[in-house]
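Report on the following structure.
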């Protein structure tokens, strides 16, 4: 057991009398090369993945054997979780300062309770053909509200506007080339961080982003502005809730009895009350027949 502890402490694990280093298994993966090309090229694997000292050796010996046995048996190893402790061992000074990098100004003390990896994914050995999703602007504005009127408030965090046109982020996808088709993707609640609701409504012709009560209230708006729905929604999207063609086509009035016969009246009642159906099906056809329901203006029920 002491041999295993010494091996893990030294940066590898003792197997069959020899020392197996991390790159003995990972040399055939892109991680070793990526680590050598990263800002952490001079950092030993154990500094982040296992830690140093007798306690770290004791805790991580079982993990090391698990990694080795998975490699030997051809099984997929469990993902390696990285704690914040190794990051802060080297970078603790950033908590006392404001950092400017790639056009963004960050005060790390605001995020002391957050995981380092949540903002810096893949930082140890980023693989070139993988996309790492780090912090997005919506993550910040959920607490730090901006102003649609005072755009200069953006400059509190964005120190170089020229950098906003490069890189991958949901903001750039919504504001870059082809934004007309892309800006509706993702979480729309962030639009009003910078844009007044009236700005969005000037193009869409209705409340955008849709208010919380929209599922119940959108019927009235659809009657007046139904032509605007297809600008964002495929017809099949509306039909997935309504169960029928929406907005109703011109021939729907004549053909809807067949729809009801096939799917049942419950489809109609998703939007229409029973009384709406009875205006034509009962009140207009049998206004004074005893025992048949009539409208609210009189007649037998």
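The values are calculated or read from the model by the stated rules, or taken from the named source; none is laboratory data. All figures in this text were calculated on a predicted structure; none of them were measured in a lab. Here the Cβ positions follow ideal geometry from the backbone for every residue, glycine too, while neighbour counts run over all protein chains shown.
Brief remarks on what is shown
- For region 97-106, a tally of residues being in contact with a helix residue (DSSP H, G or I) (Cβ under 9 Å, 6 or more places away or on another chain) and at pLDDT 85 or above returns 5.
- Just one of (1) assigned to a helix (DSSP H, G or I); (2) in the same structural domain as residue 201 (by TED's automatic domain parsing); (3) without any contact (Cβ under 8 Å) to a residue 40 or more places away in the chain; (4) within 30 Å of the chain's Cα centre (by Cα) fails for residue 219. It is (3).
- Test result for residue 228, at pLDDT 80 or above, under 23 Å from residue 191 (Cβ atoms) and in a helix (DSSP H, G or I): no
- Set side by side, the residues 133, 151, 127 differ, and just one is at pLDDT below 70 and surrounded by fewer than 15 Cβ atoms within 10 Å (Cβ to Cβ), which is 151.
- Checking residue 256 against (1) loosely packed, with under 13 Cβ neighbours inside 10 Å; (2) at pLDDT 75 or above; (3) more than 30 Å from residue 181 (Cβ to Cβ), the condition it does not meet: (1)
- Which listed residue is modelled with pLDDT of 85 or more and in a helix (DSSP H, G or I), from 72, 94: 94
- Long-range neighbours under 6 Å by Cβ, at least six apart or interchain, first residue exposed (fewer than 10 other Cβ atoms within 10 Å of the Cβ) within region 66-91, second at pLDDT 75 or above and in a loop (DSSP other than H, G, I, E, B): none
- Any chance residue 269 is at pLDDT 80 or above, part of a loop (DSSP other than H, G, I, E, B) and under 38 Å from the mean Cα position of the chain (by Cα): no
- Check on residue 56, under 24 Å from residue 118 (Cβ atoms) and either modelled with pLDDT of 80 or more or within 33 Å of the chain's Cα centre (by Cα) (or both): no
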